[in-house]
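Here is the structure we will look at, set down as structure tokens.
Where a number appears in this text, it was derived from the coordinates with a stated rule and is not lab data. Since the model is a prediction, treat every value here as computed from it, not as a measurement. As a convention, Cβ positions derive from the backbone with ideal geometry for all residues, glycine included, and neighbour counts pool all protein chains shown.
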Amino acid sequence: MESSNFWSFWVPSQPGVSALIWVVIFVILMYIARTPAHQAILVVTHSIRNALRVMARSVWIAEEKLQRRNREVLMAHGKEETERVIEREFQRVEAIINRDLSGYPSLQRDLNEQITRIDEDYVQSGEVPPKPPEWLKAIETVAQIPSEGSPVVGKILNDIHGTLKKSLEKNVAEYRKANKERHGLLKKMMPYWRSLTKILTSVEKKITGLENRSTIIDNKMQHYEEIVAKTAYAERMLSSSSLTQFFISGLVLFIATIGGYVNFQLVALPMSEMVGAGSYVGSIRASDVAAMFIIAIEVILGLFLMESVGVTRLFPIISTLDDKKRKVIIVVTFVFLLVFATIESSLAYMRDMLAADREALSQVLSGVEVEEPQFRWIPSVGQMVMGFILPFALTFVAIPLESFIHSSRTVLGMVLAWFLRILSLVIRLLGNLINGSGKFLVTVYDLAIFLPLRIEQLIQNRKSPDTSK
Amino acid sequence: MKTLLFATTLFVTLLISGCSEPKNHNRAVYMLLDTSGTYTQQIEKAQGILKYLLGILNPGDSLALARIDSASFSEKDIVAKITFDIRPSKANSQKRAFLESMEKFAKNLKGSSYTDITGGMLQAIEYLNETGAGEKYILIFSDLKEEIKKGHIRDFPIAFDGTKVVALNVTKLRSDNVDPREYQQRVDAWTDRVESGGGTWKVINDLDRLDSLLD
């Protein structure tokens, strides 16, 4: 039945009247079914709201679990990193002790020798007062003899005075000579003093270096204790550090990817000379795949090299190997890298030759006279050098890659937790909206049948005074 | 480590899925050159198109140049044909040799009395199918006015089977100026013939817009 026929069903000539009849019928039906309709609306909306609440609660719990997991991952990684830093600091202290303080016994021996020499010189330079002549007492006794105007006694005394004067002058000369010798000895001591000062300054410097290291270790240990205690401060600190690491390592990786692309461009064209330009792997040229493979191998070799050297810790099995085996891996990976760098350098030169040939052909096809450009060797050499250096440069990708992998665990966990929290809030909000819409629908329902409701109310009002009576 | 493992697995999966459907990426181009009457004067333009093709075709692709004369369904009408080596350096040498053959042909070009376009098309399809290329092109450098020798039968459907036919430099004849519908009828007739045979048809009269020559 078409809708126009439906509305003009009762009085076909007057669709308006017919529609009004339909409305009256609907209103009456709705009035009759009011209570079950209200119940149905409210039951449906309440059920949906309850289901959404349960869902929101589940999402909330999942988010809390994820937060806990993130926290554990963060703390574990932070703990590991701090342990690594402290270990490194201890290694540095050990190195200082081995390098500088291992020579301490010989240093002490030197010091003792210097001190002994200085002591000997000092003892030798000591001032010994000249002993008074033995005959001085005899002279005193003679000098006490009364002269009583005797010229003989006066002469004797004069002679004694002269002898005494001569003796004293001799003594003063000897004393001056001895002093001169002492000054000479003291002058000789000066280099020993200087040497002693130098040794002591060097010892002071070494001790200061150790003190600085111990301060750093103290700070790191405090940091470590915070992490072990899982304090909120440690969590904030590690989260912030992870975010910074994520963005910085991401940026470095992006730059490294550009470097890889440049490397790829150097290798792809000459590889087509080897594997053919017409063959494909899927929808990618086989030469491109080969070039990517070479670059991937270089990156992997770089990863192993960095891992073996101990810069990164992506593969625990390598870091647990003994030093001898790790040295073998270092040598092998380095030799391979060197071979690849040499190959890439020659490929870069080949690429330059091919590009020149293609350029010459293009000039012939376009009717331009072919000219050999000046300084053609400069880009050729440049490409060869780049081809040699880039594989080694790509080795360092391992460092930002490790940071990126570790920090991305935390950052992705955080992003996922935020997403779950927002999802939970949205579901809760949706549940409340549906609940509210149920009440709104009940009101709209009543609005549609307001006329019979009003009549019902009037009847009840009319009845109620009787009831009160 | 798990992320690294996941990325590697994804890469390998993508690589394997990419390998599952091998597709021939090589292209084969067969250029038919009308040598009838006054159309021989257009040879320089044809040379320009061939040079453009030599510039854009890759190692592994095939190229053939053939003339349309009185009876074109013949290997004798193929002026030069080559499948470029997969090594770019060798392919460049082959392109130089092809260019020389083309210039030699252009110098010694003689006009023909009739224009057997259908025969040329049949020869082109045969050559293109033999190359086994993934994309097949017939470039027809002609005014599309077919004149068949008495007794030759050419009025039958041709199976193009995915071959892309490009009509280049379809010049207007004097009679077209009198009644332009003739020109349109010629083009429409070939369009119907190619499309009903399972091919695609395109006309490029502006030779400065050759970038859309091979899709």
Practice task
Check whether at least one residue in the range A:284-295 is surrounded by 14 or more Cβ atoms within 10 Å (Cβ to Cβ) and touching a residue at least 40 places away in the same chain (Cβ under 8 Å), and report yes or no.
Solution key: yes
Exercise for the section: Among residues belonging to the range B:59-111 that are within 18 Å of the chain's Cα centre (by Cα), closer than 25 Å to A:R285 by Cβ and among the basic types (K, R), point out the one that is farthest from the other protein chains (Cβ to nearest Cβ). Expected result: B:K81
Completion exercise
Only unsatisfied item for A:Y31, checking (1) closer than 30 Å to A:F419 by Cβ; (2) over 60 Å from the mean Cα position of the chain (by Cα), is (1)
Exercise for the section: Find all pairs meeting these conditions: Cβ atoms under 6 angstrom apart; at least six residues apart or on different chains; first residue within the range A:253-275 and touching a residue at least 12 places away in the same chain (Cβ under 8 Å); second residue surrounded by 16 or more Cβ atoms within 10 Å (Cβ to Cβ) and of a type in the set (F, W, Y). Expected result: A:L253/A:F404
Exercise for the section: Would you be able to say whether some residue in the range B:24-34 is free of Cβ contacts under 8 Å to residues at least 12 places away in the same chain, on the phi < 0 side of the Ramachandran plot and within 11 Å of chain A (Cβ to nearest Cβ)? Expected result: no
Problem - Unmet criterion (only one of (1) surrounded by fewer than 16 Cβ atoms within 10 Å (Cβ to Cβ); (2) over 16 Å from A:A229 (Cα atoms)) for A:V59 - result: (1)
Practice task
Output the residue which, of all residues in the range A:238-283 that are over 30 Å from A:V415 (Cα atoms) and of a type in the set (G, A, S), is surrounded by the fewest Cβ atoms within 10 Å (Cβ to Cβ).
Solution key: A:S283
Exercise for the section: Could you list all residues from the range A:160-197 that are among the hydrophobic types (A, V, I, L, M, F, W, C) and closer than 17 Å to A:R117 by Cβ? Expected result: A:L185, A:L186, A:M189, A:M190, A:W193, A:L196
Completion exercise
When A:R351 is run through (1) charged (D, E, K, R); (2) more than 25 Å from the chain's Cα centre (by Cα); (3) within 14 Å of chain B (Cβ to nearest Cβ); (4) farther than 30 Å from B:N58 by Cα, the failure sits at (4)
Exercise for the section: Could you look through the range A:402-416, keep only residues that are more than 10 Å from every other protein chain (Cβ to nearest Cβ) and under 16 Å from A:R68 (Cα atoms), and pick out the one that is surrounded by the most Cβ atoms within 10 Å (Cβ to Cβ)? Expected result: A:T410
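Condition first: surrounded by fewer than 12 Cβ atoms within 10 Å (Cβ to Cβ) and not acidic (D, E). Now tell me which residues in the range B:197-215 satisfy that. Please lay out each step first, then the result.
Going residue by residue through the range B:197-215, those that are surrounded by fewer than 12 Cβ atoms within 10 Å (Cβ to Cβ) are B:205-206, B:208-209, B:211-212, B:215.
Residues satisfying the conditions are B:N205, B:R209, B:S212.
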Handout entry: Subset tally (residues that are part of a loop (DSSP other than H, G, I, E, B) and surrounded by fewer than 12 Cβ atoms within 10 Å (Cβ to Cβ)) for the range B:170-196
Key = 1
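Going by the conditions given, is A:Q39 over 60 Å from the mean Cα position of the chain (by Cα), under 27 Å from A:G431 (Cβ atoms) and not aromatic (F, W, Y)? Before the answer, list the steps.
Working: over 60 Å from the mean Cα position of the chain (by Cα): yes; under 27 Å from A:G431 (Cβ atoms): yes; not aromatic (F, W, Y): yes.
Here the answer is yes, as A:Q39 does meet what is asked.
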